[in-house]
Amino acid sequence: MTGCGESSEDRDHGDASRPSREPRFLVDVMCGTVAKYLRFCGYDAAYALDLGVEADDRIAAIAASEDRTLVTRDRELAERVDGAVLLESRKPTDQLAELAAAGVDLDLADVPTRCGRCNGRLERVSEPTTGESDRPESDRPEYVPSDVVTWQCRNCDQWFWKGSHWRDVRERVRRARRIAAKNGDWSKNGDVTR
Ligand SMILES: [Zn+2]
């Protein structure tokens, strides 16, 4: 069994030195799920709440100084910040669809690179097909399966593997892209029949 369809050339994926996807994002409060999903898709997505920043001026300043695309539900703020993406929906899947419609390439990388919880870089810990491991087996908590590839966040130590949660995430990303495509067709053709 070769596992996950990875070739030997792919083995470095998940290495923390891998560059992130562009652009980088700053996600405003109230859009936490969007921040998580951007990270799952491999983007560097800072979340205002994690940074302890809520004031519009500070958010605008960080977006500018760190060259981050602002994602916000605040229309006034979006109008003040160049290139900001305004989200109108309250529902995470629809918010993701709005991002896709704004031209953000949403797809789940084959190999996760960013921690959904804290935006830290992920480091591959183990490779089940060879038993190769960069760390002693005793580091692995009991709840982490031993028969799958695992990654760990360099920043918060959270463990990741592709289980049912990963499949749920992938399904929601696909649904969001379908909604975006459908809405795009509506605006192009005026066809609302589906
Ligand atoms: Zn983390």
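No lab work stands behind these numbers, since they all come straight from the coordinates. Keep in mind that this is a model prediction, so the values were computed, not measured. No Cβ is skipped: glycine too gets one built from the backbone with ideal geometry, and neighbour counts run over all protein chains shown.
How much length is gained on full extension from GLU88 to ARG170, taking 0.36 nm per residue of separation minus their Cα-Cα distance?
Details: separation 82, 0.36 × 82 = 29.52 nm, distance 2.26 nm.
Value of the extension gain: 27.3 nm.
How charged is the neighbourhood of ALA64? Take every other residue with its Cβ under 15 Å from the Cβ of ALA64, and add Lys/Arg as +1 and Asp/Glu as -1. Mind showing how you got there, number by number?
On the way: positive: ARG24, ARG58, ARG68, ARG80; negative: ASP28, ASP56, ASP57, GLU66, ASP67, GLU79, ASP82.
Net charge in that neighbourhood comes out at -3.
In whole angstrom, how long is each semi-axis of the equivalent ellipsoid of the range 21-101, when you take the square root of 5 times every eigenvalue of its Cα gyration tensor and sort them from largest down?
On the way: eigenvalues 57, 40, 28 Å².
They are 17, 14, 12 Å, listed from largest to smallest.
For ASP57 and SER146, FRET efficiency with R0 = 41 Å and r from the beta-carbon atoms, rounded to 0.05? Before the final figure, lay out each step's value.
Details: r = 49 Å, r/R0 = 1.19.
Rounded to the nearest 0.05, the efficiency is 0.25.
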